[in-house]
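Here is the structure we will look at.
Values in this text are rule-based calculations from the coordinates and carry no lab data. All values reported here derive from a predicted model rather than from experimental measurement. Ideal geometry is used to build each Cβ from the backbone, glycine not excepted, and the neighbour counts take in all protein chains shown.
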Number of protein chains: 4
Amino acid sequence: MSQRQSKSVEAGSRENERRHTILRAAIDVFARKGYHGCRIADVAREAGVAYGLVYHYFKNKDELLETVAETGWGGFVSRIRAVAEEENSSLEAKVRGIADVAFEAYRVDPRAVKVLILEIARSPAGGHVASRQQAFLDVIRMAADMFARAQAEGQLRPELDPMLCASLLCGSIEMGLTAFVSGLMEDRSPEALDRAKAQIAESFLRGVLPSSAPLTETSWKQESPSSGTRPKVGKRA
Amino acid sequence: MSQRQSKSVEAGSRENERRHTILRAAIDVFARKGYHGCRIADVAREAGVAYGLVYHYFKNKDELLETVAETGWGGFVSRIRAVAEEENSSLEAKVRGIADVAFEAYRVDPRAVKVLILEIARSPAGGHVASRQQAFLDVIRMAADMFARAQAEGQLRPELDPMLCASLLCGSIEMGLTAFVSGLMEDRSPEALDRAKAQIAESFLRGVLPSSAPLTETSWKQESPSSGTRPKVGKRA
Amino acid sequence: MSQRQSKSVEAGSRENERRHTILRAAIDVFARKGYHGCRIADVAREAGVAYGLVYHYFKNKDELLETVAETGWGGFVSRIRAVAEEENSSLEAKVRGIADVAFEAYRVDPRAVKVLILEIARSPAGGHVASRQQAFLDVIRMAADMFARAQAEGQLRPELDPMLCASLLCGSIEMGLTAFVSGLMEDRSPEALDRAKAQIAESFLRGVLPSSAPLTETSWKQESPSSGTRPKVGKRA
Amino acid sequence: MSQRQSKSVEAGSRENERRHTILRAAIDVFARKGYHGCRIADVAREAGVAYGLVYHYFKNKDELLETVAETGWGGFVSRIRAVAEEENSSLEAKVRGIADVAFEAYRVDPRAVKVLILEIARSPAGGHVASRQQAFLDVIRMAADMFARAQAEGQLRPELDPMLCASLLCGSIEMGLTAFVSGLMEDRSPEALDRAKAQIAESFLRGVLPSSAPLTETSWKQESPSSGTRPKVGKRA
DNA sequence: AATGAATGAGCGTTCATTCAT
DNA sequence: AATGAATGAACGCTCATTCAT
């Protein structure tokens with residue numbers, strides 16, 4: 001990720017620090033104003049550095065976004081990949097794992113996720129940043145592979161299109177996060193996030209798993225006072 | 001030719017024609033380059049009219065997009081609403097109906113849907129067009145109401161959060177369409193679209209409907225050669 | 001003033017009427033927004049005619065202003081000239097006459113005078129309308145001639161520069177009117193106007209007439225309660 | 001004007017220099033073409049700088065003019081005010097002082113006075129620059145106060161309206177300067193300017209001072225070589 | 001004559017990028 | 001490395017003028 005480290009340790013770290021400061025500033029400004037609304041001047045001011053310094057660390061605006069994308073999205077994607085390509089784990093575990101990764105990212109830095117979703121994952125057709133242009137699609141393809149393998153092993157209902165399954169999972173997670181990002185979901189407590197994460201994974205799994213495969217249910221029913229009396233309406237009997 | 005009455009009649013339709021031409025051009029250019037990448041000059045060239053004429057029909061760039069949004073999204077939303085607020089229809093029927101509306105819109109005008117999804121529904125944080133800014137959110141809220149009502153009637157599993165259900169449905173449909181829009185799905189034949197539509201609705205329903213409620217399954221298995229024998233089951237009884 | 005009258009009387013007058021309507025509208029809009037702030041569209045709307053019709057009666061915007069200037073300023077100037085070149089009248093009578101003409105013009109149409117002063121007389125250095133560019137200067141030159149002749153006859157103190165006298169007279173009258181036009185003078189009643197006119201003429205005359213030439217004073221003292229004791233002095237002692 | 005001279009110390013002054021260069025250019029172009037005729041491109045070319053640099057130093061065109069106005073008019077007005085509000089000086093001294101200030105400004109920078117008179121003092125009805133819109137009126141009001149005070153002390157004929165007196169004085173001075181600015185006065189030598197200044201002040205004073213107050217006359221008779229022998233013709237005999 | 005749609009040059013402003021220090 | 005002044009292409013919008021009817 002970082003090619004600079006020679007010179008002296010101090011210099012290197014100082015340099016990295018500066019670079020990182022600018023990067024954080026870029027994420028903030030992007031999150032606040034979006035790609036087009038964000039001017040280099042804004043980033044510099046936010047970072048508290050001189051105008052021209054941004055151009056010392058980044059070739060141009062696109063490289064800056066490119067880097068923002070790489071830093072954020074790249075890490076995100078590799079974590080997703082780690083889960084999706086795990087050797088000895090069930091589809092269910094993988095799906096839950098993917099939801100985990102996504103929600104954890106949101107918990108750690110909601111603002112960055114906002115950028116990821118709005119500015120990077122969905123960069124408009126024209127696409128500012130060539131290589132990141134269809135960032136989301138890579139993830140979907142990766143997930144599609146995962147579903148295809150699972151389908152071959154009988155872990156996914158055979159009549160389902162793996163690519164479409166991948167799209168649905170990603171769409172569900174993304175819109176679930178969007179609901180939080182956008183303020184649609186009022187309760188943003190860690191517990192609420194966990195409940196949402198579980199609901200997303202389980203609803204999805206229930207929808208695509210073979211009828212014969214029972215679902216490991218977590219208890220995430222809200223706090224219905226009467227829920228105690230309610231039978232853990234579980235999955236399948 | 002130079003007579004009054006015929007002139008005015010023609011004039012009216014000519015004017016509307018021009019306006020419509022420009023609107024179509026705007027949709028095309030938006031679809032190709034996104035809001036910011038689309039210059040008025042592009043729209044004018046695409047429409048084959050003079051630069052200034054765009055400003056004869058639209059106050060400014062924002063009003064142009066606003067109108068694109070209203071024309072496209074507005075109609076779309078009202079059709080969704082008609083389905084969601086239907087009095088005597090089951091949740092399943094409504095969910096299938098919503099998927100129908102979305103996929104029909106895509107079938108009729110894929111390019112417009114592209115704009116809808118990329119530029120209008122997901123307008124970036126900054127949001128160019130005030131009133132349309134959170135267009136998608138309105139639809140989700142509408143769907144959330146629908147799910148809440150259904151839940152009260154026992155048509156939705158009680159432990160699910162209606163707002164989240166709404167998000168998941170919308171996310172699934174949107175990403176399903178995105179898969180087509182983006183070229184992720186290679187087969188874009190009407191049949192493939194129908195299959196996808198059914199898979200989306202059914203996976204979703206299977207995921208959220210109470211276990212006790214059986215799902216009316218349509219025949220959309222891809223390569224089942226025996227599907228010919230299966231009756232084209234319509235709605236459920 | 002009007003070169004069109006042939007054809008048929010009706011047609012001519014209808015045409016003239018239209019033209020005049022537009023001209024009035026132009027004066028109004030000019031008065032309200034100034035030359036640059038006034039668009040052809042404004043004039044057309046104000047006149048209640050179609051956009052393009054303005055171009056039937058006037059070649060272009062400049063010709064329109066040119067005509068406004070001619071109509072207003074031209075008439076004004078010729079009236080001034082009539083007074084200034086009168087054969088058998090004293091300098092005092094001429095100066096008073098010039099003030100009369102100016103204030104009468106204001107009384108008749110304050111709005112037109114506003115245009116005259118702000119937009120025509122003082123057209124900025126660049127000058128929109130070539131021929132009118134130095135409209136005011138013509139008047140001053142004319143007045144300078146008048147003063148020079150008077151000086152030759154001993155009616156003006158010999159040490160004064162006639163051109164400067166002309167400038168002072170015009171400046172005084174103009175700024176006097178400006179005081180009314182601008183709202184600096186609150187009382188704009190006919191009586192107040194007459195008082196101002198007299199004060200301007202008399203102050204000026206008292207300043208430039210030879211000491212030996214007594215001034216015919218008018219009674220324009222405002223509301224001096226003690227004025228009863230003061231002889232309604234005609235001549236001074 | 002000056003290329004490179006020193007380095008670090010002059011950074012601040014270099015910046016000011018640039019700003020000043022642009023300001024001068026703006027004054028020049030304004031003087032030549034007026035507010036509307038003057039494009040930013042002109043100012044930049046005149047100043048010999050890049051287009052965008054103008055916007056580095058001035059927020060926009062209006063602020064540029066605003067600054068021109070402030071720099072020129074503001075200083076002018078405060079000098080006038082200093083004279084007008086002087087405690088121990090006669091009305092005559094004040095009037096002469098005001099004429100001094102005005103003519104001195106012209107002597108120092110005729111071009112700037114041209115701008116002042118044509119573009120700032122008399123900004124058209126619409127008024128480009130809000131705060132400077134009625135710059136002249138402020139000066140007139142100030143002078144009116146001065147005359148009112150003088151009238152209370154018997155230094156101004158009681159039947160005169162102070163506001164009108166102020167207008168006349170300002171109008172006289174302004175048109176006097178206009179005569180020079182416009183080329184109406186051919187002799188623009190310092191001596192000619194002094195003569196004009198004296199004539200303006202004295203004619204005005206003679207016109208408004210009480211008959212009992214003699215006027216201190218300066219000798220400015222144009223080409224009377226024998227004027228030295230002429231008795232200091234006071235006012236009244 | 002009358003209408004108003006159509007045209008396009010022109011200008012203010014923004015902002016990514018470069019450069020001198 | 002760091003600064004911020006300098007550059008100029010790009011684009012939204014206006015509006016005088018023309019044109020088809």
- Task: Step through the table entries B:Lys61/C:Lys59; C:Lys94/C:Lys197; C:Lys114/C:Lys197; C:Lys61/D:Lys33; C:Lys61/D:Lys61; C:Lys33/C:Lys114, compare each Cα-Cα distance with 21 Å, and write down the pairs that go over it.
- Result: B:Lys61/C:Lys59; C:Lys61/D:Lys61
- Task: Can you put C:Tyr35, B:Tyr55 in order of Cβ neighbours within 10 angstrom, beginning with the fewest?
- Result: B:Tyr55, C:Tyr35
- Item | segment D:145-213 versus segment C:75-111: alpha-carbon centroid distance in Å | 22
- Query: In what sequence do A:Met146, B:Met185 fall when counting other Cβ within 10 Å, fewest first?
  - Reply: B:Met185, A:Met146
- Size of electric dipole in segment C:15-58: Cβ of Lys, Arg +1 and of Asp, Glu -1, about Cα centre, debye, nearest 20: 120
- Alpha-carbon gyration tensor eigenvalues x 5, square-rooted, for segment A:69-207, Å: 23, 19, 13
- Message: How would C:Ser89, B:Ser189 line up from fewest to most surrounding beta-carbon atoms within 10 angstrom?
- Response: B:Ser189, C:Ser89
- Message: Can you report the principal axis dimensions of segment C:15-58 using only the alpha carbons, biggest first, rounded to whole angstrom?
- Response: 26, 16, 16
- Rounded to whole Hz, the Karplus (6.51, -1.76, 1.60) HN-Hα couplings of segment C:13-18, x for glycine and proline: 6, 4, 4, 4, 4, 4
